[in-house]
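Colleague: One structure, as structure tokens, below. Some questions next.
The values are calculated or read from the model by the stated rules, or taken from the named source; none is laboratory data. For clarity, every value in this text was computed on a predicted model and none was experimentally measured. Here the Cβ is made from the backbone with ideal geometry for all residues, glycine too, and neighbour counts use every protein chain on show. Note: areas computed on protein heavy atoms with side chains; ligands, DNA, RNA excluded. Shrake-Rupley method; radii C 1.70, N 1.55, O 1.52, S 1.80 Å.
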Amino acid sequence: MTYTGWFVEQFGAGLGWFLANLTLILAIAFPVMVGVALAVYADRKIWAAMQMRRGPNVVGPFGILQTFADAAKLFLKETIIPAGASTGVFLLAPMISFTLALVVWAVMPFDAGLVLADLNVGLLYIFAVSSMGVYGIIMSGWASNSKYAFLGGLRSAAQMVSYEVSMGFILVAVMMYAQSLNLSDIVLAQKGNVLGILNGNIFNPLLFPMGIMFFITALAETNRPPFDLPEAEAELVAGYQVEYSSMSFALFFLGEYANILFMCALIPTLFLGGWLPPLDLPFLYAIPGFVWFLSKMAFLFFLFAWVKATVPRYRYDQLMRLGWKVFLPLSLFWVVVVSGWLMFTGHFAAAPGVM
Amino acid sequence: MSAIASEYLPVLLFFAVGIAFALIFVSAPIAVSALTGTAKPEAVKLSEYESGFPAFSDARAKFDVQFYLVAILFIVFDLEAAFLFPWAVSLHWGGESAWWAMMEFLGELAIGLVYAWKVGALEWE
Amino acid sequence: MAAFAFYLFAGLLLTSGLMVITAKNPVHSVLWLILAFFNAAGLFILLGAEFLAMLLVIVYVGAVAVLFLFVVMMLDIDFKALQRGALQNLPLGLAVSGVILAEVLLVASGWTAGQGVIVHEALAGPPPGMTNTQWIGSQLYTRYFFVFSMSGLILLAAMIGAIVLTHRRRVGIKKQSIAAQNARTPGGTVAVGKAAIGQGVEL
């Protein structure tokens, strides 16, 4: 019996459906929030290790409760709404950032069939939600009525918008192989796709550059170093977040890290075979797909932290140059190459879904 | 209701849950501090941050036209990507003629990109 | 349920549309407009047109409204002065909107839904084994190639037009030439010489 089926039997069609989906949603939302706390801790520990420091080690065993202590502190702080700010938009902006960072998880397949909404256009849904992420930032920058926040918001919006373009083209190449916009289909299309034994688009020489570009684009989209221009502490004193305090600030923080975690989950789904083991060998399937998925996520997160610990920040003109003059033409050209290769080697002869 | 629309109901519910969480997180500290009387707003606390000086002018000023140009170029390329999405998943039906059609489309846009590059519109100054 | 969802989305759509034109602050207008786009996307989903719904959000909310917001946020208009002039322009505005309304009514009365075959085909939904997106794709690039190609040209014109209107070459700024930087070698820039005591170096 399915999960929803059990609820429907217990509580009737309407209420049962509602309760089943509500529990599923909470089962995604709470782990994401706790995951953010752990991710912040892991982040700080990894930088500390790379810089020969200890990192947080006081609160709780190995300092693991440090983030929870920070969150509790923020929660108890007073919310300051600057006198010059437009109150409504000012409070709406962090809510938008946070809500979008949560709802984007609705289409993520954690394991075979383990997905809240298995949409036909799952990839487009992700693209749509992530393209709306700009709003939280522009609105906070404008509403704060502070020059630092305003500049930070503008910079951030232009940056995210620039990298979204090449992100779209990279997605096109991936969906061309899977012949589908459904994330589960995209994962399944990667099963044994290279030499019949490797699971994952990244092992495909035609998609390997796309995978690398997508990783860098993901760094830029989530405002991670080396692309953390919007909050450059030295020049903009945290950019669009400068006027925020208490939980409104915490929501930006939560949203930002939830987005990073999401990117760490999306890259495996698109390029590393999602919940599939890296090699298409029967005994590897004994380990549940969920475990593979989480370990791939953890690996990607380590890469994100590694980049942050080692790469210096880009200057703004360099950032724009990379987005418009390198990634855009390259990804556009690569779409032509990949589609041409697939077209003239007969990839499209078989109807999709039959592969 | 069509089968497709009912697939989206969980997403709608997720939006509702997310907004509810956000509302609680934002309003709870405000409400608690207002009710317990710990909120003590004062003029200096409420003024915007500007390196310790009072702000000289309104922050919402005119700014560089380059930002608009980036936004317009983004719209053009976003639309181009939007045309690529259905194309990428339907080449089985479209076949070679669809492929050549897209090459022609991309060619037109490539001309635009080359033009933008040549006049220096992609350069950030 | 479907009826409830329809009235929810349609009601919110009309309300936010009304707010767009009545809101005092243009930034609030744009935010209401975004809400209107959302509800329109919801209506598309109710019809089963999921690709169009996502596209509406990606293109209009994700791109067009960002530009609107950029433009509107950075205007420093004096709203009081704007409102004072509004009453003088009222007759002209009414005349223009009256003409447009008459034209729309004229077109709408002469048009009947479903003249072409296409509408009837579309009502049946995609054939089995095909998703909504694939169905659009299978038609757009072959059957409607001309329209598709035209839209490419329109985009090209829009792009060139935007650049011509807004791009200005500026003088007196410092730029980084990455190619020149990478082409530098120690041989061309560094010289090792001997400096005699009390003589200095000739550069």
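Colleague: For the list (1) open to solvent by 10 Å² or more (accessible area, probe 1.4 Å); (2) more than 8 Å from every other protein chain (Cβ to nearest Cβ), I need the number of the one condition that residue A:166 fails.
Modeller: (1)
Residue-by-condition table, conditions (1) open to solvent by less than 40 Å² (accessible area, probe 1.4 Å); (2) touching a residue at least 12 places away in the same chain (Cβ under 8 Å); (3) over 19 Å from the mean Cα position of the chain (by Cα); (4) farther than 24 Å from residue B:8 by Cα:
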| site | (1), (2), (3), (4) |
| --- | --- |
| C:7 | no, no, yes, no |
| C:20 | yes, yes, no, yes |
| C:35 | no, yes, no, no |
| C:38 | no, yes, no, no |
| C:44 | no, yes, no, no |
| C:55 | yes, no, no, no |
| C:64 | yes, no, no, yes |
| C:69 | yes, yes, no, yes |
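Colleague: How many residues does region A:101-119 contain that are outside any loop (DSSP other than H, G, I, E, B) and not aromatic (Phe, Trp, Tyr)?
Modeller: Qualifying residue count for the region: 8.
Colleague: So which residues in region B:77-124 are touching a Pro at 6+ places or on another chain (Cβ under 8 Å) and more than 7 Å from chain C (Cβ to nearest Cβ)?
Modeller: B:92, B:113
Rundown of residues vs (1) more than 10 Å from chain B (Cβ to nearest Cβ); (2) open to solvent by less than 30 Å² (accessible area, probe 1.4 Å), yes/no style:
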| site | (1), (2) |
| --- | --- |
| A:55 | yes, yes |
| A:80 | no, no |
| A:84 | no, no |
| A:103 | no, yes |
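Colleague: Let me ask something else. Please find, within region C:157-203, the residue that is most open to solvent (accessible area, probe 1.4 Å) out of those that are part of a helix (DSSP H, G or I) and farther than 28 Å from residue B:76 by Cβ.
Modeller: Here the residue is C:182.
Colleague: Quick one: which helices (runs of 4 or more DSSP H) lie wholly within region C:30-90 and hold at least 2 residues that are modelled with pLDDT of 85 or more and within 11 Å of chain A (Cβ to nearest Cβ)?
Modeller: Filter on region C:30-90 gives C:50-55, C:65-73.
Colleague: Working only within region A:135-162, note down all residues that are within 23 Å of residue C:52 (Cα to Cα) and surrounded by fewer than 24 Cβ atoms within 10 Å (Cβ to Cβ).
Modeller: Of everything in region A:135-162, just one residue is within 23 Å of residue C:52 (Cα to Cα) and surrounded by fewer than 24 Cβ atoms within 10 Å (Cβ to Cβ), namely A:135.
Colleague: Residue by residue through region B:73-107, note down the ones that are open to solvent by 40 Å² or more (accessible area, probe 1.4 Å) and within 24 Å of residue C:62 (Cα to Cα).
Modeller: B:79, B:83 - these are the residues of region B:73-107 that are open to solvent by 40 Å² or more (accessible area, probe 1.4 Å) and within 24 Å of residue C:62 (Cα to Cα).
Colleague: Being touching a helix residue (DSSP H, G or I) at 6+ places or on another chain (Cβ under 9 Å), more than 7 Å from every other protein chain (Cβ to nearest Cβ) and open to solvent by 60 Å² or more (accessible area, probe 1.4 Å) is the filter here; which residues of region C:144-156 pass it?
Modeller: Passing the criteria: only C:147.
Colleague: Let me ask another. Is region A:335-351 home to any residue that is more than 13 Å from chain B (Cβ to nearest Cβ), at negative phi and open to solvent by 60 Å² or more (accessible area, probe 1.4 Å)? Break it down into steps so the answer makes sense when it comes.
Modeller: Step one: list which residues in region A:335-351 are more than 13 Å from chain B (Cβ to nearest Cβ), which gives none.
Checked region A:335-351: no residue is more than 13 Å from chain B (Cβ to nearest Cβ), at negative phi and open to solvent by 60 Å² or more (accessible area, probe 1.4 Å).
Colleague: Sort out which residues of region A:120-137 are within 7 Å of another protein chain (Cβ to nearest Cβ) and at pLDDT 85 or above, and write them in order of number.
Modeller: Hits for region A:120-137 are A:121, A:124, A:125, A:127, A:128, A:131, A:132, A:134.
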